[in-house]
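A quick write-up on the structure given underneath.
The values are calculated or read from the model by the stated rules, or taken from the named source; none is laboratory data. The structure presented is a predicted model; accordingly, all values stated were derived computationally and were not measured. A quick note on method: Cβ atoms are made from the backbone with ideal geometry, for glycine too, and the neighbour counts reach across all protein chains shown.
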């Protein structure tokens, strides 16, 4: 009997004992061996190269943790809130940028000893401004600029439009009417303008896009935003798309090969003419998926300028290695030698003017048939306004996209779909004023 | 209480120490949050019953409730039907089927893959224009136009139910089979000698003896089913499209908490769901035991 | 609360029926004319079972075959013919992660979880089944009721308590909670009620065995089929657990396989689908094999049948 009692006591206490043991053991190991390591968290392995350079130059050991985008915020939040196991440096995609700036997770870089304001003139204005909080303090910096364009296949342009010159094709598509005209010409030859209806969302809102939510926290549904409904419907009704939704397997497949489309009871094979993607779409999406068609692509502008995505990087406010951390951020965003190499290697369009000025003139990309995409995108970047990003964007875009889809597929009238959208916004964000 | 019965406490003590630490504490923290406007960062304020009054009139939650019931119900009926049928076949003395271990292992395989791979796989199979399923159906002439499975509420819900059945019937089969194997073959032999046919054997011998196990499956599947969320989340846009038909209760909770940062309200949703589960479980228990009494009477 | 007492009532009931077995022959001989029809039926049943098995196996086949093909081949569609890029894929994979470290971590955690969960659930179920202490039913119901609170929001509280105990970035918060697995306790209790009778325990008590000894020598072996069944689910659940280790572990050398797979999706390996499939295959195939092997040991009628005598 005594045996039973003692055994169970051991069992019951084991939790406490184990945790006590680990408490001591863990504490010493994490402070002993890991204290001189700079911890960086990100959602891609993009930072691998810069980290290697950084380690070589500064003799600091860096530990990079990659967390998939979908789980990035879930993992970051508890660590940042509690400070336990938190990184020294972490990146933020534009979808999370405003939220994390507001939450105060990032160190104020406008203060001593960072004085980030000093470089304000050297970084593309909208990129620099997006990293600021409500009070105008810089919280995060970025090395890239992400204006968008339309990537199209030259061979199809030649056949259906009579030219493959980016300037001429861009001219044809410089208005919404022009875009649909091009779509009809492509249809006559058996091609599809876009893979899906969503492709048109950036252009639908016109030259003067507005933020989803204004200063008074009111939902802003401009005429431009509502036009997305009509343009999307027009694309569908005129059979101008290949019905391959963004990021679906067929969407990727359409980049390299003809894909099958079933319309009106029969199946036809068709090729997709163009994809609406920003700078990073070239190396992260197109080059990875279009192998046979490499060299047959070109990039040009659509009816209106837009930008999509971007990654910012900052220092965790309670980091113990702020000095090294800022050294890393400086390397990533302001180091001429490193950034020049980086741009040449990856084709990423940089936000740091001293480097872009130097390299933009003689840039050319084999995949785009030798076109200078760098100069093109830097030109597009000039017309981007930073004020339209809010912390609600990603969720509101998803809700709005679902509303447009239900209209395009004929399940709801435009009015009902908009009404439903407003109801959903109110439900998700009770603090947003919805009329 | 007999003296020996005190040992009961000792036997269950380790369980409760751990359970209280790692499960109950978070659950009560959630209860506290449900009375606040917590957004995931410290600094919440107590708001009284505001979250609960909102829940009662929230049409999205009510819609989510019915969606969940529909999706789970169809799946559960199919899954249990298959599990029972298979267990019946494999335990049949006249058929003497071989390869139980082999089939049991294969039927359980779909449960080994992570849900994200399942969603990816079926996303490709069910694709409207390019999916294999439509290709096959059109080739054999069952349909002339491709069906956009994940764009119509009814077919989307049905698709999710069927995928869940595919994933879980092997699991239920193993448990039912465990129960059936736990029954001494004497019972079947005796019934067989008494001239019972298959159906009588099933209803008079197998089912009554399986009752504790069936109760287990019913309750766990109910609790799991009402908490369904990852497949509906991953297979369309994550907010329950098409037309909110895949918006389940926990998906709604998840979105409120992790997408919209309304942790306080999400906690209230969690307790709303908890109450619903409690009521349903009580009904299941009641139903099971009303039957039990009836069989006992008949037997006597 | 009342239901519990009623569940127990099923026991004597199920004991009652088959007492006639001794005076009848055991062998079952089907009439001869039914034999050919019988064969057709069996054939049809086997055919459907095989089709069902194939439907269940297809994704694994795709995964394994894709693990041997190059990225281009994977994209261009599926075939049943394996490619010859297995070694290249492995080389690509090894460049990015140490998959065997992840394998080791996953194994340590999953085995510990399975053992703890199996043993302590049996202990708890035994306590709930064979003793009548005050508050027993209330506690059992409370346990069941607590399973019904959706766990998604509990993550924050779980993280906080782990932080307070100082066990973040260790395996402890991933392993120790397995001591309290309500579903397993529930299942083993249901199983025990149907198969293990209190008279056995009482007989052992008369022989002078201690309570814990009775549990270890008499009850535990008889609960084994139920424990084995649940162990498989526990093991697989723990092996595939992604969110908890992702949130609780910070050091890459402690990452488990699913977390490493997540790691891969964010890296350039994701652009090499063949290598990605190989990674997934390495994490899944061992449990497939373990499962095929273990499957033999789940619930055989021999052990359960022995209870009755």
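Take residues that are in contact (Cβ under 8 Å) with a residue 40 or more places away in the chain and away from every other protein chain (no Cβ under 12 Å) and tell me which of the helices (runs of 4 or more DSSP H) falling wholly in the range B:1-95 contain 3 or more.
Answer list for the range B:1-95: B:59-91.
Is it true that residue B:105 is within 11 Å of chain C (Cβ to nearest Cβ), under 21 Å from the mean Cα position of the chain (by Cα) and within 30 Å of residue C:233 (Cα to Cα)?
Yes.
Can you name the residue in the range A:298-325 that is assigned to a helix (DSSP H, G or I) and out of contact with any helix residue (DSSP H, G or I) (no Cβ under 9 Å at 6 or more places or on another chain) and, of all such residues, is nearest to residue A:227 (Cα to Cα)?
A:325
Could you pull out every one of the helices (runs of 4 or more DSSP H) wholly within the range C:248-309 that has 1 or more residues that are within 14 Å of chain A (Cβ to nearest Cβ) and either at pLDDT below 80 or surrounded by fewer than 22 Cβ atoms within 10 Å (Cβ to Cβ) (or both)?
C:257-265, C:273-295
Consider residue A:363 against the criteria (1) within 25 Å of residue A:103 (Cβ to Cβ); (2) surrounded by 15 or more Cβ atoms within 10 Å (Cβ to Cβ): it satisfies all of them except one. Which criterion is unmet?
It is condition (1) that residue A:363 fails.
What number of residues within the range A:383-422 are closer than 30 Å to residue A:360 by Cβ and in contact with a helix residue (DSSP H, G or I) (Cβ under 9 Å, 6 or more places away or on another chain)?
Result for the range A:383-422: 6.
Of all residues being within 14 Å of chain B (Cβ to nearest Cβ) and not in a helix (DSSP H, G or I) in the range A:240-251, which is surrounded by the fewest Cβ atoms within 10 Å (Cβ to Cβ)? Just the residue, please.
Ranking the candidates gives A:247 first.
Tell me which helices (runs of 4 or more DSSP H) are completely within the range B:141-237 and hold 1 or more residues being more than 9 Å from chain C (Cβ to nearest Cβ), surrounded by fewer than 22 Cβ atoms within 10 Å (Cβ to Cβ) and at pLDDT below 90, or say none if there are none.
Answer list for the range B:141-237: B:207-226, B:230-235.
Out of the residues in the range A:73-132 that are over 25 Å from residue C:166 (Cα atoms) and within 14 Å of chain C (Cβ to nearest Cβ), which is modelled with the lowest pLDDT?
A:93
Select from the range A:167-213 the residues that are within 28 Å of residue A:95 (Cα to Cα) and part of a helix (DSSP H, G or I) and list them in ascending order.
Across the range A:167-213, the qualifying residues are A:176, A:197, A:198, A:199, A:200, A:201, A:202, A:203, A:204.
What single numbered condition from (1) touching a helix residue (DSSP H, G or I) at 6+ places or on another chain (Cβ under 8 Å); (2) free of Cβ contacts under 8 Å to residues at least 40 places away in the same chain fails to hold for residue A:257?
Every condition holds for residue A:257 apart from (1).
Here are the criteria: (1) within 9 Å of chain B (Cβ to nearest Cβ); (2) over 18 Å from residue B:16 (Cβ atoms). Tell me which single one residue C:145 does not satisfy.
(2)
When you go through A:263, A:237, A:218 one by one, which is the residue that is surrounded by fewer than 21 Cβ atoms within 10 Å (Cβ to Cβ), more than 14 Å from chain B (Cβ to nearest Cβ), touching a residue at least 24 places away in the same chain (Cβ under 8 Å) and at negative phi?
The conditions single out A:218.
When the residues of the range C:38-61 are filtered to those that are at the interface with another protein chain (Cβ under 8 Å from one of its Cβ atoms) and over 16 Å from residue B:86 (Cα atoms), which remaining residue is surrounded by the fewest Cβ atoms within 10 Å (Cβ to Cβ)?
C:38
Identify, by number, the condition in (1) touching a residue at least 24 places away in the same chain (Cβ under 8 Å); (2) assigned to a helix (DSSP H, G or I); (3) surrounded by fewer than 20 Cβ atoms within 10 Å (Cβ to Cβ) that residue A:383 doesn't meet.
Failing condition for residue A:383: (2).
Of B:245, B:241, B:267, which residue is farther than 14 Å from residue A:427 by Cα, modelled with pLDDT of 90 or more and outside any helix (DSSP H, G or I)?
Checking each option against the conditions leaves just B:245.
So, residue C:138, is that one at negative phi, in a helix (DSSP H, G or I), within 7 Å of another protein chain (Cβ to nearest Cβ) and touching a residue at least 24 places away in the same chain (Cβ under 8 Å) or not?
No; evaluated as a whole, the condition is false for this residue.
Among the residues of the range C:45-78, count how many are part of a loop (DSSP other than H, G, I, E, B) and in contact (Cβ under 8 Å) with a residue 40 or more places away in the chain.
Of the residues in the range C:45-78, 4 are part of a loop (DSSP other than H, G, I, E, B) and in contact (Cβ under 8 Å) with a residue 40 or more places away in the chain.
Applying the selection to the range A:344-355, what residues are assigned to a helix (DSSP H, G or I) and touching a residue at least 24 places away in the same chain (Cβ under 8 Å)?
Selection gives A:345, A:346, A:353, A:354.
Run down A:190, A:198 and say which single residue is at pLDDT 90 or above, surrounded by fewer than 20 Cβ atoms within 10 Å (Cβ to Cβ), within 21 Å of residue A:256 (Cα to Cα) and out of contact with any helix residue (DSSP H, G or I) (no Cβ under 6 Å at 6 or more places or on another chain).
On inspection, the qualifying residue turns out to be A:190.
For every residue, the table says whether it meets (1) more than 12 Å from chain B (Cβ to nearest Cβ); (2) free of Cβ contacts under 8 Å to residues at least 40 places away in the same chain; (3) not in a helix (DSSP H, G or I).
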| residue | (1), (2), (3) |
| --- | --- |
| C:80 | yes, yes, yes |
| C:87 | yes, yes, no |
| C:109 | yes, no, no |
| C:121 | no, no, no |
| C:132 | no, yes, yes |
